[in-house]
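Please treat every number below as a calculation from the coordinates, not as lab data. Keep in mind it's a predicted model, so treat the numbers as computed, not measured. No Cβ is skipped: glycine too gets one built from the backbone with ideal geometry, and neighbour counts run over all protein chains shown.
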Amino acid sequence: MATKSTAVNFVVAQNSAVVLNPATSDEATVRGLQGMGLCLGFTMTVLTVSEMGNRIATKVPSGGEYDTTTVNYNFIPGDPTLTTFQDAALNSTKLTDIRLYVKQGCDFSAPDLISDPASGLYIGSFTDPNVASPNELWTGSLDYMPGGAFTLFIAHKVGTDLSYVAATRTLTTSASDFVSAGFEAGDTLILDYADSNDPLYLKAESVSTTEIVFTEDVGDEATLGDFSGISTTALHGATPQAASTAWTAGC
């Protein structure tokens, strides 16, 4: 009798990660990570509307705010990410080059700089590393506050088969299928591209099995030149929440 196949209904956090300056020579991962969030939560302000003649009041949402998230870690002297976070807290610096991985090397949350160019993280508090007894670990924590919209990137294409023609704004793959990988028209895209110092943000105007056309003059489209057969290139896509499909374990 064949074993019945069921959908994946949980994700284990053992390979989760907080990564600064991803896909660059300055990439750094928070060491000793014990807890984190994805900056996807928010709280709506609720108004209670009452009027004479109606015994039951109506509650309606009115605006809201993104939730603050806490990162807990084992304190390791010399971890460069802690210096970056501390400096950002002291100087009220917004961090945009950050990825919050559900599973490192796979799905992650990041600022949606296409839908919300003001997005990023502010460090709200940076606690003093501490230890409570001789037999415990040094630990610390920090709170980060989304300065704008974050989104979850769950479509991925990694390889050396990608090529791009700037005149037609068309990215082509010769070895896979963009549609089956989860890319959709309207996606916010991040391109980890060897000839760029930083990941590039783009928007998908149209998607077919072998081609993605980028939206003209949106994000970094105007700065991207022709390329073909270069070193490993990675493309990541986040579909707008209203149009997204169910998550499946794909990497």
Fill in the blank from the handout: Most exposed to least, judged by fewest other Cβ atoms within 10 Å, ARG31, ARG99, ARG169 sort to ARG31, ARG169, ARG99
Problem - Theoretical gain in end-to-end length, LEU47 to THR160 [0.36 nm per residue, Cα-Cα removed] - result: 35.4 nm
Completion exercise
Helix-only [θ] at 222 nm, the chain, -39500 (n - 2.57) per DSSP H run of 4+, per residue, nearest 500, equals -1500 deg cm²/dmol
Exercise for the section: Starting from the Cα-Cα distance between SER174 and THR139, subtract it from 0.36 nm times their residue separation and give me the gain in nm to one decimal. Expected result: 7.9 nm
Handout entry: Cβ charges +1 (Lys, Arg) and -1 (Asp, Glu), total dipole of segment 155-243, debye
Key = 180
Handout entry: Computed E for ARG31/THR223 - FRET, C-beta separation, R0 35 angstrom, nearest 0.05
Key = 0.60
Fill in the blank from the handout: Under 5 Å from the placed amide H of GLN34, counting only residues 5+ away or on other chains, we find ASN72, TYR73, ASN74
Exercise for the section: Run the numbers on segment 155-243 and let me know its relative contact order in percent, using alpha-carbon pairs under 8 Å that are six or more apart. Expected result: 40
Problem - Point-to-point label distance, LEU40-ALA13, nm (Cα→Cβ direction, 7 Å offset) - result: 1.4
Handout entry: Lys, Arg +1 and Asp, Glu -1 on Cβ, resulting dipole of the chain about Cα centre, debye, nearest 20
Key = 920
Exercise for the section: Report the extension gain between THR232 and ASN72 in nm, rounded to one decimal, defined as 0.36 nm multiplied by the number of residues separating them, less their alpha carbon distance. Expected result: 54.3 nm
Handout entry: Phi-based couplings in Hz for segment 24-29 (Karplus 6.51, -1.76, 1.60; Gly and Pro marked x)
Key = 10, 5, 9, 4, 8, 10
Practice task
Putting +1 on Lys and Arg Cβ atoms and -1 on Asp and Glu Cβ atoms, find which of PRO117, THR58, THR70 reaches farthest to the positive end of the dipole of the chain.
Solution key: THR58
Exercise for the section: Work out the charge dipole of the chain with +1 on the Cβ of Lys and Arg and -1 on the Cβ of Asp and Glu about the Cα centre, then indicate which of TRP138, ALA23, THR93 is farthest towards its positive end. Expected result: TRP138
